[in-house]
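The values are calculated or read from the model by the stated rules, or taken from the named source; none is laboratory data. Values in this document were obtained by computation on a predicted structure and should not be read as measured data. Methodologically, a virtual Cβ is constructed for each residue, glycine included, from the backbone with ideal geometry; neighbour enumeration extends over all protein chains shown. Accessible surface areas use protein heavy atoms only, side chains included; no ligands, DNA or RNA. Shrake-Rupley method; radii C 1.70, N 1.55, O 1.52, S 1.80 Å.
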Amino acid sequence: MTHRLIVDTARPKGTIHRYIYGHFAEHLGRCIYGGIWVGEESDIPNTQGIRNDVLEALKRIRIPVLRWPGGCFADTYHWKDGVGPRAQRKRTVNVHWGRVIEGNDFGTHEFMLLCELLACEPYICGNVGSGTVEEMQDWIEYMTFDGDSTMANWRRENGREHPWKLRFFGIGNESWGCGGHMRPEYYADVYRRYQTFVRGYGEQPIYRIACGASDHNYHWTEVLMREAGRYLDGISLHYYTIPGTWEHKGSAVEFTEDEWFVTMKKALVMDELIAKHAAIMDQYDPDRRVGLIVDEWGTWYDPEPGTNPAFLYQQNTMRDAVVAGVTLNIFNNRCDRVLMANLAQLVNVLQAPILTDGPHMVLTPTYHVFEMYKVHQDAQLLPVSIASTDVYAHGGEELPRVSVSASKDGAGQVHVTLCNIDHANSAHVTIEFRGQEIQRVVGTILTASDMSAHNTFEQPNAVQPTAFDAMSIRANHLDALLPPMSVVLLSAL
Ligand code: AHR
């Protein structure tokens, strides 16, 4: 059976915000310490303490926005502990993630430096759970005020003359759970109070992001939009793809065909979640002023055997690459509501694009998907209609075999990203490009012959993109054969 698609190049549907390609770095395990920050004295080549190999890799995928410092850590973080001379910074306990000592070497200045080196925008999550309104207000003043105030002068004393540009600010993280176990009615009021004092002092108004729901908690979205909708600019959503149960999530590398199928099925749930949360938002915000910010997403498996279970370190296989491709296609197609998304997490934690081990670094299959999909950043979404669907049948259940999104970039080039989620069968796809003459198509593919193929420090290039040419074009119609378990980028010239 053929999957027949029509890409309408003449009727763009809106911008695929580059922030959809955002990331998340928490003080958790080896994400910040070891993964990003090695310190100025390290033998690992670094720029003012930030490792160069990771910096260069991140520049290549053009990360547009980075969320920090958590996660659950955010609601335990007191920013004043992380500024000033490093030797004098407080030593605190990271209560959520293994009770390791947090030396606070990486604080506001180091994070802002990282963002400047990457040319990406900071997205800071403030402490509502254990922090005060005054503390939050001081932080904003410290970062963004240019005048002669105590906070701004303290920033100068600590080495930064000019304020930083700060657009995105989150008011609490998972306030229904690790951020304070609040009820939505209570959080809505707390949110209203805290946001009153989150005012930017620079030219840049602050985009206030409220803690939103997890998964199918539509009641949270309903209450928050009703009680606080007019005071917020964005509302978050967290959803993790967990093949098993919370207690037994499944192995990142050793999994069966059934687990592959269920992982795909659960990844596709993201579309339903966005549709349903967005429908509630539409009732209170019909003009779609408020953005849905999926600021934690990705696969979550049992931790790698032999590692600290609180560090959430997991390998990353071809399965993760397909989950990334499918999920980014969903975000692209729903860019009328989804303004931002942040993969959890940047280095060494959960579905990481980058893994490190001492001085060594490896790029995961997920990294390569972000590299391929970067063409969609700030491009115009193109409607794709599906004339006939091919299905991926397994164990008596069916899923659509192919996931797709398409865009037209600023130079007028059309890009189509496709995933064949089937672990065993190829997908035959035909694409009709309507409204634009297509002369030539350049293809790139990420695939593997083994479901659990992954990159290791010994074999860092086992899974990497290659040229894709299993296609032919005739009069604006393209025929392609997507191998099983593949992510493909087609760029039409
Ligand atoms: O990403 C790991 C954790 O998952 C985050 O700290 C928390 O927000 C979520 O539950």
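Here is a yes/no grid of residues against (1) surrounded by fewer than 18 Cβ atoms within 10 Å (Cβ to Cβ); (2) away from the ligand (no atom under 16 Å from the Cβ); (3) under 28 Å from residue 84 (Cβ atoms):
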{"site": "176", "(1), (2), (3)": "no, no, no"}
{"site": "179", "(1), (2), (3)": "no, no, yes"}
{"site": "182", "(1), (2), (3)": "no, no, no"}
{"site": "194", "(1), (2), (3)": "no, yes, yes"}
{"site": "206", "(1), (2), (3)": "no, yes, yes"}
{"site": "217", "(1), (2), (3)": "yes, no, no"}
{"site": "232", "(1), (2), (3)": "no, yes, no"}
{"site": "237", "(1), (2), (3)": "no, no, no"}
Members of the stretch 294-322 found to be open to solvent by less than 10 Å² (accessible area, probe 1.4 Å) and more than 13 Å from the ligand (Cβ to nearest atom), listed by number: 316, 317, 318, 319, 320, 321, 322
Give the stretch 326-350 a look and list any residue that's closer than 22 Å to residue 124 by Cβ and within 16 Å of the ligand (Cβ to nearest atom), or say none. 340, 341, 342, 343, 344, 345, 346, 347, 348, 349, 350
Does any residue in the stretch 82-93 that is closer than 14 Å to residue 159 by Cβ come within less than 9 Å, Cβ to Cβ, of a residue that is open to solvent by 80 Å² or more (accessible area, probe 1.4 Å) and part of a helix (DSSP H, G or I) six or more places away or on a different chain, and which pairs are these? 84/157
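Just checking, does the stretch 41-51 include any residue being within 16 Å of the ligand (Cβ to nearest atom) and open to solvent by 10 Å² or more (accessible area, probe 1.4 Å)?
no
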Which ones in the stretch 130-147 are touching a Pro at 6+ places or on another chain (Cβ under 9 Å) and not in a helix (DSSP H, G or I)? 145, 146
If you go through the stretch 343-392 one residue at a time, how many are assigned to a loop (DSSP other than H, G, I, E, B) and within 30 Å of residue 304 (Cα to Cα)? 11
Those residues of the stretch 267-288 which are farther than 24 Å from residue 66 by Cβ and either within 16 Å of the ligand (Cβ to nearest atom) or free of Cβ contacts under 8 Å to residues at least 60 places away in the same chain (or both) amount to 269, 272, 275, 278, 279, 282, 283, 284, 286, 287, 288
Residue 42 versus (1) over 24 Å from residue 208 (Cβ atoms); (2) of a type in the set (Gly, Ala, Ser); (3) touching a Phe, Trp or Tyr at 6+ places or on another chain (Cβ under 9 Å): which is the lone unmet condition? (3)
Only one of these conditions is not met by residue 35: (1) away from the ligand (no atom under 16 Å from the Cβ); (2) not in a strand (DSSP E or B). Which number is it? (1)
Here the residues within the stretch 335-361 that are of a type in the set (A, V, I, L, M), surrounded by 22 or more Cβ atoms within 10 Å (Cβ to Cβ) and closer than 23 Å to residue 49 by Cα are 344, 346, 347, 349, 352, 354, 355
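Where residues in the stretch 114-132 are open to solvent by 30 Å² or more (accessible area, probe 1.4 Å) and under 27 Å from the mean Cα position of the chain (by Cα), which of them is nearest to residue 175 (Cα to Cα)?
Among those that are open to solvent by 30 Å² or more (accessible area, probe 1.4 Å) and under 27 Å from the mean Cα position of the chain (by Cα), it is 129.
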Qualifying positions in the stretch 133-155 - open to solvent by 30 Å² or more (accessible area, probe 1.4 Å) and over 28 Å from the mean Cα position of the chain (by Cα): 134, 145, 146, 148, 150, 153, 154
Out of the strands (runs of 3 or more DSSP E) lying entirely within the stretch 396-493, which hold 2 or more residues that are in contact with a helix residue (DSSP H, G or I) (Cβ under 6 Å, 6 or more places away or on another chain)? 402-408, 414-420, 441-447, 486-492
Within the stretch 56-95, how many residues turn out to be open to solvent by 10 Å² or more (accessible area, probe 1.4 Å), within 12 Å of residue 107 (Cα to Cα) and in a helix (DSSP H, G or I)? 3
